[in-house]
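Scroll down for the structure; my scribbles are underneath it.
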Amino acid sequence: MSESESEPERPIDIFRRSVAVIEENLPPTWSLSTQRSPDLSEAPLRLDLRSPDGAVAKFGVYAAHGVLSSDVPGIADRFPTGQSGFVCAKYLSEPVRRQLDSHAISYADATGNVSLTADRPAVWVRGRGADADPWRGPGRPSGQLTGDPSARVVRALADFAAPLAITALVRLAGASTGATYRVVQTLSDRELVTRLPRGGIGDVRWPKMLREWAAEAGTKAPTPHGFHAPDGLEALFDQLRQLSGHIYAGTASVAAAPFARYAPTRRAHFHADNVDQFADALGLRRVESGGDVWITAPVSPSAFDRLLTRDGIRIVAPSQAFADLLVGPDSDEAAAEHLLTWMIENESQWRRAASPATDRP
């Protein structure tokens, strides 16, 4: 692999790079063919190997950014009995390659590691690529769920019901294609999502995903600014019903109350695009301690995605409220669990179906 080669991001790019590796190792009289996937960013479902005498070996395709040793048995189960399997990825470590060999699964990665075997026509292709992931250098993201892309992708996966094609997730999350793939790979490595054979999202363990995201994002949370509402929270809420021209949303207990009130709201937490302008518009007084209002400028604008209006006040979606109850300045674990119970029991009321239908895998 040339040092100048860019990192493949889409499943189709991983597949094409892997097929090129096989072609480099095949005798010139053998050929590979496939059918184009309906979703141009996804890998095809099948790869055909043709011998000089016209015999064809057919392989089911599984494309992934990365594969763990523990993934291999599940991948093997994806291929019907009697069908040969072919796995392609950006990089396959030696333990993973051994696991694939033991399950009689052919494979290739974008660095040049390749093993392709078939009984009829008889073929055995073997090649050696990198011994370490070339895209996991010192500057490579550590796989933590922090920052704007993680917030966008996690929120979208929580708010929209699977299955989802990656192209649909990119659109819904508003993150770049590359960043979306990296976050999904992190979630897949942690078994928080399951991947479909063509790379889409098949299932989401959203309660655990939201917990892990909240815990890690909380280590880099924005600074909360404390304020006092001179006339009390009820008067503040009346002001909000008349407020316009400001980007804001109530979160934590303010956003949970319309769905699962745990206790009377004694402190209010808001996200605002401009903390000072929002506070000034409401006549709030900044305090160092003892305030009854917290305002934060969120790290990611995804905090304002899919806002709701309840009793004339803008609030964040339940998924964001749950996370902010876990780690925000108005955190309350008992209230978070109370909201989570409502979310589980009323999933259809807050999780949406992705549309149009063509976005589904």
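No lab work stands behind these numbers, since they all come straight from the coordinates. Predicted, not measured: the structure shown is a model, and the values here were computed from it. Methodologically, a virtual Cβ is constructed for each residue, glycine included, from the backbone with ideal geometry; neighbour enumeration extends over all protein chains shown.
Among ALA268, ALA235, ALA108, the residue with the largest mean-square fluctuation in a Gaussian network model of the chain, with springs joining Cα atoms closer than 10 Å, is ALA235. The modelled label-to-label distance between ARG285 and ARG126, using points 7 Å beyond Cα along the C-beta direction, is 8.0 nm.
Ranking HIS225, ASN274, ILE295 by Cα position along the charge dipole of region 221-348, where only Lys, Arg, Asp and Glu carry charges on their C-beta atoms, puts ASN274 farthest toward the positive end. For ILE344, ILE166, the sequence from fewest to most other C-beta atoms within 10 Å is ILE344, ILE166. When the alpha carbon gyration tensor of region 167-314 is reduced to an equivalent ellipsoid, its three semi-axes come out at 34, 15, 15 angstrom, largest first. Over 23 Å, how big is the tail of the calculated P(r) for region 59-151, in percent of all Cα pairs? Every Cα pair in region 59-151 considered, those over 23 Å come to 30 percent. Diffusion of region 291-361 by Stokes-Einstein, at 25 °C in a medium of 0.890 mPa s and with Rh set to the Kirkwood radius over alpha-carbon pairs, works out to 175 µm²/s. The calculated FRET efficiency for GLN277 paired with ASP311, based on their beta-carbon distance and R0 = 25 Å, is about 0.60. If you line up the long axis of helix 11-25 against the longest principal axis of the chain, both from Cα atoms, how many degrees apart are they, to the nearest 10? With rounding to tens, the tilt is 20 degrees.
If the chain linking TRP350 and ALA215 were pulled fully straight, counting 0.36 nm for each residue of separation and taking away their Cα-Cα distance, it would gain 46.4 nm.
Using only side-chain charges placed at the Cβ, +1 for Lys and Arg and -1 for Asp and Glu, the dipole size of region 166-206 relative to its Cα centre rounds to 100 debye.
Taking trypsin sites (Lys or Arg not before Pro) in DSSP loop conformation with at most 14 other Cβ atoms inside 10 Å as exposed sites, the chain has its longest uninterrupted site-free stretch at 267-361. For region 130-228, the ratio of Cα radius of gyration to the globular rule of thumb 2.2 N^0.38 Å stands at 1.16.
For region 211-263, give the magnitude of the charge dipole about the Cα centre (Cβ charges: +1 Lys/Arg, -1 Asp/Glu; no others), in debye to the nearest 20.
For this selection, approximately 120 debye.
Shown for ASP231, ASP159: other C-beta atoms within 10 Å of each C-beta, ranked fewest to most, produce the order ASP231, ASP159.
Counting each DSSP H run of 4 or more residues in the chain as -39500 (n - 2.57), what helix-only mean residue ellipticity at 222 nm follows after dividing by all residues, to the nearest 500 deg cm²/dmol?
Calculated at 222 nm, the ellipticity per residue is -10500 deg cm²/dmol.
Overall dimensions of region 11-127, expressed as equivalent-ellipsoid semi-axes from the Cα gyration tensor (√(5λ), whole Å, largest first), are 20, 16, 14. Taken as Cα centroids, region 86-101 and region 185-207 sit 19 Å apart, rounded to the nearest whole angstrom.
The distance from the alpha carbon centre of region 167-183 to that of region 264-282 is 30 Å, rounded to a whole number.
Looking at the chain, the pairs of alpha carbons with a distance over 40 Å make up 28% of the total.
Axis of helix 318-327 versus longest Cα principal axis of the chain: the two differ by about 80°, to the nearest ten degrees.
When only the Cβ of Lys, Arg, Asp and Glu is charged (+1, +1, -1, -1), the dipole of region 76-176 relative to its Cα centre reaches about 140 debye.
A simple spin-label model places pseudo-atoms 7 Å from Cα toward Cβ; at GLU94 and GLN239 they are separated by 6.6 nm.
Contact order for the chain, expressed relative to its length and based on alpha carbon pairs under 8 Å spaced 6+ residues apart, stands at 15 percent.
Sorted fewest first by neighbouring Cβ atoms within 10 angstrom, SER348, SER244, SER188 come out as SER244, SER348, SER188. Approximating the spin labels as points 7 Å out from Cα along Cα→Cβ, the ALA263-to-ARG36 distance works out to 6.1 nm.
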